[in-house]
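Below is one structure; the comments refer to it alone.
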Amino acid sequence: MHEPLHPSSWSRAKGYANGIAAEGRLIFVAGQIGWTGEQVFESDDFVAQTEQALKNILAVLECGGAKPEHLVRLTWFVIDKREYGERAAEVGAAYRR
């Protein structure tokens, strides 16, 4: 479905791919935030909202017949870069769930 592109002479990418070759149907997901499908924030916690936003992405993908493994790219916008860095392990765990 998609193939990571990584020049063999480059150092290993950590947490991202330098490029992706993909084919097939394209699904574009609009910007998702940490509220539920009913547009309710159930938490003001950064990681909880991150996990909800990821669940929202999966729900939209599912509507188009796609699964997490079909995802090619995410662009993240965060308000507090420091908190994101401090809680990166928790964010990573939410992403893997």
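The values are calculated or read from the model by the stated rules, or taken from the named source; none is laboratory data. Just so it is clear, the model here is predicted, and its values are computed rather than measured. Glycine also receives a Cβ, built like all others from the backbone with ideal geometry; neighbour counts cover every protein chain displayed. These area figures cover heavy atoms from the full protein model, side chains too; ligands, DNA and RNA do not enter into them. Shrake-Rupley method; radii C 1.70, N 1.55, O 1.52, S 1.80 Å.
Within the option set ARG87, ARG96, being at pLDDT below 95 and among the charged types (D, E, K, R) holds for one residue only, ARG96. Restricting attention to the stretch 1-14, the residues being assigned to a loop (DSSP other than H, G, I, E, B) and either more than 23 Å from LEU58 (Cβ to Cβ) or without any contact (Cβ under 8 Å) to a residue 40 or more places away in the chain (or both) number 9. When the stretch 37-60 is limited to residues that are among the polar types (S, T, N, Q) and more than 16 Å from the chain's Cα centre (by Cα), the one that is most open to solvent (accessible area, probe 1.4 Å) turns out to be GLN39. Do the conditions hold for ARG97, that is, is it basic (Lys, Arg), surrounded by fewer than 14 Cβ atoms within 10 Å (Cβ to Cβ) and in contact with a strand residue (DSSP E or B) (Cβ under 9 Å, 6 or more places away or on another chain)? Against the criterion (basic (Lys, Arg), surrounded by fewer than 14 Cβ atoms within 10 Å (Cβ to Cβ) and in contact with a strand residue (DSSP E or B) (Cβ under 9 Å, 6 or more places away or on another chain)), ARG97 does not qualify. How about the stretch 61-94: which of its residues are open to solvent by 100 Å² or more (accessible area, probe 1.4 Å) and among the acidic types (Asp, Glu)? Scanning the stretch 61-94 gives GLU62, GLU69, GLU86.
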